[in-house]
C-alpha cells in the first residue's frame, strides 16, 4: 500500500459500498491473500474459492476495523480463519484423521537436521507446492504453527483437536514435507 491516507480513502469508499473502492481493495490484496489461502487449500481453485469467501467477510466486517493495527494483518487473519472454516466444513473431518500411510521416519537425526536446513533454504514456490501435497490435517496445523505463529493450545482450540494431536500433526507434517521435498529435489537433479 502506498500510504495510509490512500488506504483510509479506499476503506471509507468500501464502507459506503462504492464498487470502485471495493475493486481497488481486492486488487491491492489479491496476490498476498491468495498466497495465504494457497497454504491451506488443496489446489488453486479451492484457494480462490476461499479467497472470494474471505473478501466477502472482509467487506461485511470492514466497519469493525479500528485502525489500531495493521490492515493487512487484519485481512490476513480473516483469510486464514476462512480457510480453516472451509477445512472444518468439508464432509469428513480430516483434522481428526489418524491415517498415516505416507508417514515414514526418514532416517537418523543428522539426516533429518540436514533436510530441515535444506527446507529453510528452498524457494517459496517449491515449498508451497510441497505444503500443498500434505493432508488437510497436517497442512492446517503446519500453517497455523509455522506461518501464522499460533501455539499448539490455540491450534487445538481453533481446530477442535487436543494440544497433543496438534503437536503430533506438526511433527508428521514436517517429516512428510522432508519426504516430499527430497523426492522433488531428486527429480530436479
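Bear in mind that the values in this text are calculations on the coordinates, not laboratory data. Computed from a prediction, not measured in an experiment: that's the story for all the values here. Cβ: placed from backbone, ideal geometry, glycine included. Neighbour counts: every protein chain shown.
With a Förster radius of 45 Å applied to the C-beta separation of residue 129 and residue 15, the computed FRET efficiency comes to 0.75.
Each residue, residue 30 and residue 85, gets one label point 7 Å from its Cα in the Cβ direction; the gap between the two is 2.3 nm.
Placing dummy labels 7 Å off each Cα toward the beta-carbon, the span from residue 64 to residue 23 is 2.9 nm. Shape class for the stretch 4-88, computed from the alpha carbon gyration tensor (a ≥ b ≥ c): prolate, with a/c not under 1.5 and a/b above b/c.
Arranged from fewest to most other beta-carbon atoms within 10 Å of their beta carbon, 29, 67, 40 become 67, 29, 40. For the pair residue 182 and residue 146, the difference between a 0.36 nm per residue extended length and the Cα-Cα distance amounts to 11.0 nm. Of the residues 34, 51, the one with the fewest other Cβ atoms within 10 Å heads the list, and the complete ranking is 34, 51.
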